[in-house]
Amino acid sequence: MDFKKKFAGDFSLTFLGVLIYNGALQFIIYPMLSKTLGNDAYGEILYYIGIFSITSIALGLSTANTRLVQRNNYEISNGDCMSFNFIILAIMSVACAVLLSFQKISALDIVMVIVVQALMAIRTYSEVVYKIAIAFKRYLYFYIVVTVGYILGIVIFKFCNFWWIPFICGEGLGVLFSFLFTDLKNKPFFPFASFKKYSKSATPLLISYFLYYLVMNLDRIILRNILGPESVGSYYTATLIGKTAAMIVAPLSGVIIGYLTNDDSKMDKKQFTKFNFIAVIGGLLFFGLTLIGTPIFTKIFYPDYYKEVLHIMFLVNFGQVMCFVSELILNVVLTFRHEKWQMVIQIIYAAIFIILAIVFVKTIGVLGMAIATAVANGLRLLLAIVIGYAGKDVQKPKQINE
């Protein structure tokens, strides 16, 4: 099959799967939680969701992308990756339990947050097996199964009011599907010869992804602690469409990384320029769509937040679009620049965002968070492009048969 047609087909399958999953979250799961729990309780739940999203997605993506990128340099087994996952998950679970013990949250909820964190991390990592095999039709089925799990969970939630039920069902079914139909179950508990090499490569990526998702979810933490839980709900609603795009970028960029690391090709500066142009134009087009879609979406699904959202949606959505464009370009840079550069960029990005967010939110309220997001992501986009153009083009070594 023609390469371009196959790539377009795989990209479309991935986009459809992620769209179904995120569509269910944004149009069914979160609105139902908001309607049932009320504004204050919903704001608190978003705070907890933010905590386990930071740790689990960062871990899952870092281990998956390390396996994708480094498989051409040395042989990597499933045991190397899963052992790294379990070690970091143990550390994260203790840290999460300590952090939440200072909050007004029940012991059962703390345990369930840790369980969801583990399931989400493994589910996110498990996506790598579909990308390595270029099996994107099965990847679509995987996302459909996860979505069905979330919908089943929200139905159960209506009868018991435990907010974590949809997450347990959705993430749990996703992990189960991957264990049944991929090599994820193959000797997952034992590291092999490449464990040290793999850990050395994965750690900088783990730090960089942790910083990225920390910043991506830090708006909830800062707003909750400075302005209160209701501000979390209104700001999150304004960012929903833009953040959905950012969530879609991670698996879609995985398709690109999978193809870029699947042969002996390299991305030269001319191709990088073309990719940047397409990414920026796509981001601007999506920005226009968010300005049209956000008021309609909010009016239908979150009418209580409608007036607040109208005041901040322009800057909020601009910041979110800058976020997903810079993340897409940075992930492509990862395929031909050293992993340390991603970590360096994310450290600079996180430091600037945290300083600006705290100062601006204290000074001008919710709008300050939107300004901080736009400025920090604009800088990250610039740094990613500069690093991409710096130095010589990198020829990837030939793939090792696994």
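The values are calculated or read from the model by the stated rules, or taken from the named source; none is laboratory data. Keep in mind it's a predicted model, so treat the numbers as computed, not measured. Quick reminder, even Gly has a Cβ in these numbers, built from the backbone with ideal geometry, and neighbours come from all protein chains shown.
Points to keep in mind about this one:
- Condition met for residue 158 (modelled with pLDDT under 95, over 21 Å from the mean Cα position of the chain (by Cα) and either surrounded by 18 or more Cβ atoms within 10 Å (Cβ to Cβ) or not hydrophobic (A, V, I, L, M, F, W, C) (or both)): yes
- In region 104-125, the residues that are among the basic types (Lys, Arg) and more than 13 Å from the chain's Cα centre (by Cα): 104
- Some residue of region 80-100 being assigned to a loop (DSSP other than H, G, I, E, B) and farther than 19 Å from residue 213 by Cα: no
- Long-range neighbours under 7 Å by Cβ, at least six apart or interchain, first residue assigned to a helix (DSSP H, G or I) within region 290-312, second among the charged types (D, E, K, R): 306/299
- A single entry from 358, 348, 371 fulfils the requirement of being closer than 17 Å to residue 204 by Cβ and modelled with pLDDT of 90 or more: 348.
- Region 326-343, subset charged (D, E, K, R) and part of a helix (DSSP H, G or I), residue farthest from residue 390 (Cα to Cα): 327
- Selection status of residue 112, farther than 21 Å from residue 44 by Cβ and surrounded by 15 or more Cβ atoms within 10 Å (Cβ to Cβ): no
- Of the residues making up region 101-114, those that are among the small types (Gly, Ala, Ser) and in a helix (DSSP H, G or I) number 1.
- Verdict on residue 162 being out of contact with any Lys or Arg (no Cβ under 6 Å at 6 or more places or on another chain), assigned to a helix (DSSP H, G or I) and hydrophobic (A, V, I, L, M, F, W, C): no
- Taken over region 57-99, the criterion of being of a type in the set (Val, Ile, Thr), crowded, with 22+ Cβ neighbours inside 10 Å and closer than 12 Å to residue 118 by Cα is satisfied by 57 alone.
- Just so you know, in region 127-144 the residues that are free of Cβ contacts under 8 Å to residues at least 60 places away in the same chain and buried (at least 18 other Cβ atoms within 10 Å of the Cβ) include one that is farthest from residue 71 (Cα to Cα), and it is 130.
Listed here are the residues, each with its yes/no results for (1) touching a strand residue (DSSP E or B) at 6+ places or on another chain (Cβ under 7 Å); (2) among the basic types (Lys, Arg); (3) at pLDDT below 75; (4) within 12 Å of residue 366 (Cα to Cα).
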{"position": "236", "(1), (2), (3), (4)": "no, no, no, yes"}
{"position": "253", "(1), (2), (3), (4)": "no, no, yes, no"}
{"position": "256", "(1), (2), (3), (4)": "no, no, yes, no"}
{"position": "277", "(1), (2), (3), (4)": "no, no, no, no"}
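- Positions within region 8-40 being modelled with pLDDT under 85 and closer than 19 Å to residue 227 by Cβ, in sequence order: 38, 39, 40
- Matching entry among 197, 243, 131, 187 (being charged (D, E, K, R), over 30 Å from residue 354 (Cβ atoms), within 19 Å of the chain's Cα centre (by Cα) and at pLDDT below 90): 131
- Evaluation of residue 104 against the conditions (1) without any contact (Cβ under 8 Å) to a residue 24 or more places away in the chain; (2) more than 30 Å from residue 304 (Cα to Cα) shows that the sole unmet condition is (2).
- Answer residue from region 208-226, given it is among the hydrophobic types (A, V, I, L, M, F, W, C) and surrounded by fewer than 19 Cβ atoms within 10 Å (Cβ to Cβ) and is modelled with the lowest pLDDT among those: 221
- Taking region 369-392 as the range and being without any contact (Cβ under 8 Å) to a residue 12 or more places away in the chain and either in a helix (DSSP H, G or I) or closer than 21 Å to residue 218 by Cβ (or both) as the test, the residues that pass are 382, 386.
- If you go through region 297-313 and keep only what is under 25 Å from the mean Cα position of the chain (by Cα) and more than 21 Å from residue 38 (Cα to Cα), you end up with 312, 313.
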